[in-house]
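Below is one structure, written out as structure tokens; comments come after it.
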Amino acid sequence: LVADMVADNGEMSMARQSLVAEAASPAVRNATDGLAEVYLAMAATLRQQNGIDSANVLLRLALDLRPGFTAARLLLSDIQEAAKQPEAALGTLADVPDTDALAPVVQVRRAGLMDALDQVEPAVASLEALAAQHPDRPEPLALAGDIFRRRSRFAEAAAVYDRAIARLGIPTRANWPIFYERGIAKERSGQWEQAEADFKYALELSPNQPGVLNYLGYAWAEQGRNLDQAQSMIEQAVAQRPEEGSFIDSLGWVLLLRGDKAGALRHLQRAVELMPEDGTINGHLGDALAAAGRHREAEFQWRRALTLNPEPADAARIEAKLGALSTAGVSSAAPPAQ
């Protein structure tokens, strides 16, 4: 039963040995333990039905009866985290001892909560300690890589992902995300050949993953390579997620690079409608408008993109385009007619 429970859950797999050992003793020792179990089961059901307030009450009753009931603490902390209360969630897990059967799961959750509170170094240190305790498991290192990647510390992320992947053995379909994530870290840290290999391998493990198709297709388009294949891959991604603005932006961008101005405008306008606060997408729409000769509208779109915190390289490109417009004598501060 334990093996089945942890088969597809990396966090739980680290607790497998402790859970098996704990199975030798009764899970419910008395009526009080039994009532706490009932409260937990009811709380879990209510949470699935959005009965959050009632679930909270039942979980606190369960912990009043059985303070060391870690499963109840985990569920309560999940509810608190979903309610944007990471400090409260961290406090809920604070009293779980390292000897608890679910301690590895708790340690992963604590690291995630510390990350949410911008306590990056303590979170990574906790995951490194967990990785040392479970040298055969990639999950703690993969999570540490995620923390670095989300903060644009791409070289550090790539190095940690390398260590996580070294623990995989023979990769399976379930492992495609870590190759995709390492590919992003490698690409953003200037290691394109390794990144491209990771993206391709992620697609070998799990073909037709829309995120991977879009990322690799867009990267090829940015490099002016494999444009036919890039467009096909991005179209596959859009077909799977037709409301994903970033995918539609990629499709519009590759169409623009291939000279299809009308198609590019149509898709980029749709992408801006879906993600109006994205600086890159607004900048792409400006490029398409300029290509179509609609310079005043392009200027307006580029200036809007500059207000949306674009990445420094994107901002520099947009400033250069605005400078070229000014030099050509077509610049106008007035917004275009709607």
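The values are calculated or read from the model by the stated rules, or taken from the named source; none is laboratory data. Quantities reported herein were computed from a predicted structural model and do not represent experimental measurements. Backbone-built Cβ (ideal geometry, glycine too); neighbour counts: all protein chains shown. Remember, those area values only see protein heavy atoms, side chains included, never the ligands or the DNA or RNA. Shrake-Rupley method; radii C 1.70, N 1.55, O 1.52, S 1.80 Å.
Have a look at Ser18, Ser54 and point out the one that is open to solvent by 40 Å² or more (accessible area, probe 1.4 Å), assigned to a helix (DSSP H, G or I), among the small types (Gly, Ala, Ser) and within 30 Å of Ile165 (Cβ to Cβ). Before the answer, list the steps.
Numbers: Ser54 fails: within 30 Å of Ile165 (Cβ to Cβ).
Testing whether each residue is open to solvent by 40 Å² or more (accessible area, probe 1.4 Å), assigned to a helix (DSSP H, G or I), among the small types (Gly, Ala, Ser) and within 30 Å of Ile165 (Cβ to Cβ) leaves just Ser18.
State all residues of the range 110-136 that are open to solvent by 40 Å² or more (accessible area, probe 1.4 Å), out of contact with any helix residue (DSSP H, G or I) (no Cβ under 6 Å at 6 or more places or on another chain) and not acidic (Asp, Glu); if no residue qualifies, say none.
Kept after step one, since they are open to solvent by 40 Å² or more (accessible area, probe 1.4 Å), are these residues of the range 110-136: 110, 116-119, 121-122, 125, 128-129, 132-133, 135-136.
Of the ones still in play, those that are also out of contact with any helix residue (DSSP H, G or I) (no Cβ under 6 Å at 6 or more places or on another chain) are 118-119, 121, 125, 128-129, 132-133, 135-136.
Within the range 110-136, Gln119, Ala125, Ala129, Ala132, Gln133, Pro135 qualify.
This table checks each residue for (1) in contact with a helix residue (DSSP H, G or I) (Cβ under 7 Å, 6 or more places away or on another chain); (2) farther than 24 Å from Tyr215 by Cβ.
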| site | (1), (2) |
| --- | --- |
| Gly245 | yes, no |
| Asp249 | yes, no |
| Arg258 | yes, no |
| Asn282 | yes, no |
| Leu285 | yes, no |
| Arg304 | yes, yes |
| Glu311 | no, no |
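Among the residues of the range 301-310, which ones are open to solvent by less than 90 Å² (accessible area, probe 1.4 Å) and either polar (S, T, N, Q) or closer than 16 Å to Glu222 by Cα (or both)?
Gln301
Has the range 288-297 got at least one residue that is closer than 29 Å to Pro210 by Cα and open to solvent by 20 Å² or more (accessible area, probe 1.4 Å)?
yes
In the set Ser13, Ser18, which member is of a type in the set (Ser, Thr, Tyr), under 33 Å from the mean Cα position of the chain (by Cα) and within 19 Å of Asp95 (Cα to Cα)?
Ser18
Quick one: how many residues across the range 162-183 are of a type in the set (A, V, I, L, M), open to solvent by 40 Å² or more (accessible area, probe 1.4 Å) and under 18 Å from the mean Cα position of the chain (by Cα)?
1
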